[in-house]
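These notes concern the structure reproduced below.
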Amino acid sequence: MRKIIFSVVFMFVALGAMSQTYNLNVEAKIKTKKEAWTDVKRTRITKLERTSSDNDKQHYFVYVGDKRYTVGDVDIVANPKTTDEFWTFTQVNNTMPRLKSRGMQLELRDELHSDAVDFISNIRSRGLEMTDACLLNYIRGLMYKLAPSTLVDGRPGTLNLFVVDSPDESSFMYSDGTLVLYTGLLAKLQCERDLETVLSREIAHYVLDHAVSNVNAAVARKTRAEFWASLFTGVVDAIDLSLTMKESWFLPGTLTYPMAQLSSDIASMVVEHGGMKYAKKQDEEAEKVATQLLELVGQKGSDDTFVRHVASAVSSVAMRKYAEGKYLEAIALANRNMANGMAVATDYLLKANSLLAMNPSDKDRAEVAKLISLARQIDPQDPMALKTEILSAVSAKAYSNAVNLLQQYVSQLTSLRSAAPAQQYDSFGLEIQWAKDTMVRLGSR
């Protein structure tokens, strides 16, 4: 749907000459290239005008009263009071001169938009989209607070957020306004200001049009079909199978759960193909703009709100760290949610299973028992707690107790399986078979 909307905008902009006027009332200094700043008095810019003389070329003007100045032919130092004013003059001083010289390149922008749509489609089809509505709405709220309400230079683009459920610590923003964040990065951040800093930098790269500049500078670039075919063939095939199983009682990395993750190499390839691998000069430019923006908006956020909303990302990354066998990292993340009072049953059980995976002592098993108890206080019917108790009993070589617990586990899963809708992959059946096989191996027939 969004691609259709973008294409409509693309066709509308490409139809021919058009003009757009934006009313302003911003304090500024304007000087010609020959003047010195000491000779220039502050004035007020009252209007910004954008015109296109043909399908591609853009012309931009600012007005002081009825006097018109061509953007790019004069130097402007403005004193914006709002985020929209700030981004307007970021475009006036940086983006508009570039668009004036190279044109809008609408066909290239439509192709890059299609890249963003393809990325979302491929990641979503593999079950790697973070869908926590509270987290997404929280990030969107910050994004819209920091971003321009419109691109006054005339580029097509609409802000959109997509969060990838992967431990990679990545973020990037397509030239069409699609911001991609990874839960690994969210889990690494410590406060709302950290998140605002990440968002501000990505928005700055977007407003400064760095991605299109980099694609223009690329010596060669694969076609979309070639790129996506090479990217996903043989690289993430396991994801299609592993992510069909979303039931909370499956412990990633244990016996029957073939958990996979999105390779960081994929993120790197996507970034480079989309022109989002920035040069040092571009990073410095975005950093400067982001710093100025954060100074303008000030510190108004709530770290308590940040902790509450990011907790789901922390839990998800903890699960994937466990799946990778990085048990200490999984424990650290689970401990973070516990310390913040944000722990859910999964956090307690992930820590318990991480302890069990590392040759636990009697002291560790005592802590595991406490963690299982805390998880059951939150969700008494969570099968994952029963499976953790089974693994703890096996670890302690209490095989008779483990067999009794396995019988309970089979009964619970069988009941859940009968009530569940039909699935493409019978994860219930796979787990029941594991439990039955384990009972045989522990001596019960």
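The values are calculated or read from the model by the stated rules, or taken from the named source; none is laboratory data. Only a predicted model underlies this, so the values are computations on that prediction, with no experimental measurement involved. A quick note on method: Cβ atoms are made from the backbone with ideal geometry, for glycine too, and the neighbour counts reach across all protein chains shown. Just the protein is used for accessible areas: all its heavy atoms, side chains included, with ligands, DNA and RNA removed. Shrake-Rupley method; radii C 1.70, N 1.55, O 1.52, S 1.80 Å.
Here ALA78 meets the list (1) of a type in the set (Gly, Ala, Ser); (2) closer than 26 Å to THR38 by Cα; (3) loosely packed, with under 15 Cβ neighbours inside 10 Å almost entirely, failing just condition (3).
In the set (1) open to solvent by 20 Å² or more (accessible area, probe 1.4 Å); (2) in contact with a Pro (Cβ under 8 Å, 6 or more places away or on another chain), the condition left unmet by GLN292 is number (2).
Looking at the stretch 135-144, can you tell me whether even one residue there is open to solvent by 20 Å² or more (accessible area, probe 1.4 Å), modelled with pLDDT of 95 or more, farther than 20 Å from THR82 by Cβ and among the aromatic types (Phe, Trp, Tyr)? Scanning the stretch 135-144, I find at least one residue that is open to solvent by 20 Å² or more (accessible area, probe 1.4 Å), modelled with pLDDT of 95 or more, farther than 20 Å from THR82 by Cβ and among the aromatic types (Phe, Trp, Tyr), so the answer is yes.
Listed by first and then second residue, the pairs with beta-carbon distance under 6 Å, at least 6 apart or on different chains, first residue in the stretch 19-47 and at pLDDT below 90, second polar (S, T, N, Q), are SER19/THR51. Contact map, the stretch 319-344: first residue more than 21 Å from ARG376 (Cα to Cα), second residue among the polar types (S, T, N, Q), Cβ cut-off under 8 Å, separation 6 or more or different chains; pairs are ARG320/SER166; ARG320/GLN261; ALA323/GLN261; GLU324/GLN261; TYR327/SER354; LEU328/SER354.
Taking the criterion of being out of contact with any Asp or Glu (no Cβ under 8 Å at 6 or more places or on another chain), in a strand (DSSP E or B) and of a type in the set (S, T, N, Q), the residues of the stretch 42-99 that qualify are THR46, THR51, SER52, THR70.
Between MET338, MET342, the distinction of being surrounded by 15 or more Cβ atoms within 10 Å (Cβ to Cβ) and either at positive phi or out of contact with any helix residue (DSSP H, G or I) (no Cβ under 6 Å at 6 or more places or on another chain) (or both) belongs to MET338 only.
Going by the conditions given, is MET276 in a loop (DSSP other than H, G, I, E, B), modelled with pLDDT of 80 or more and among the aliphatic types (A, V, I, L, M)? For MET276, the condition - in a loop (DSSP other than H, G, I, E, B), modelled with pLDDT of 80 or more and among the aliphatic types (A, V, I, L, M) - is met.
Scanning the stretch 61-73 for residues that are under 15 Å from VAL26 (Cβ atoms) and in contact (Cβ under 8 Å) with a residue 24 or more places away in the chain yields VAL62, VAL64, TYR69, VAL71.
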